[in-house]
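S.K.: Before I ask anything, here is the structure I am working with.
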Amino acid sequence: DNVRAFYAYWHGFATCRSELAFAKHDKWNLTDAPSPLMRRLMQQKNSTLRAKARNMFNDKVRRLAKWVQSNDPRLSGHEDFSSSSTQQPPPPLRPRIPRSRTTVPRATRRTRTKEC
């Protein structure tokens, strides 16, 4: 079953990001170290903080997958609208109303600028 294989993958998720991706969680600036020994200790502390941030990220993705799986109608325990002919899916919240084009001439229309 493809659905179960999909969720099995995401429940066992582990990021492939490098350690530098989690460098924003560093507490110590290594250039401020007064000696090589202190620099090494600061590096070890930063490494543990990065590992903790990596684990938190992995847990966040796994919890998201668990939540999505709990709300997935393809899995058992949910109402299946296609199997029962008496029930129908709920109607959309709002009917889509087509918009007409504005009659403002092209020269006076505002254009978006790309923000990068």
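The values are calculated or read from the model by the stated rules, or taken from the named source; none is laboratory data. Small disclaimer: the values here were computed from a predicted structure and weren't measured. Neighbour counts run over all protein chains shown; Cβ positions are idealised from the backbone, glycine included. Just so you know, the surface numbers come from the protein's heavy atoms only, side chains and all, with ligands and any DNA or RNA stripped out. Shrake-Rupley method; radii C 1.70, N 1.55, O 1.52, S 1.80 Å.
S.K.: Residues with beta-carbon under 14 Å from that of M42, excluding M42: net charge, scoring Lys, Arg +1 and Asp, Glu -1?
M.R.: Numbers: positive: K27, R39, R40, K45, R50; negative: D26, D32.
Counting the neighbours of M42, the net charge comes to +3.
S.K.: Mind giving me the nanometre distance, one decimal, between the label points for R4 and K24, set 7 Å out from Cα along Cα→Cβ?
M.R.: 3.9 nm
S.K.: Roughly speaking, to the nearest percent, how much of the stretch 1-56's 1.4 Å accessible area is carbon and sulfur?
M.R.: 58 percent
S.K.: Less than 12 Å Cβ to Cβ from K27, Lys/Arg counted +1 and Asp/Glu -1: what total charge do the surrounding residues give? Can you show the working numbers first?
M.R.: Numbers: positive: K24, K45, R50, K52; negative: D26, D32.
It works out to a net charge of +2.
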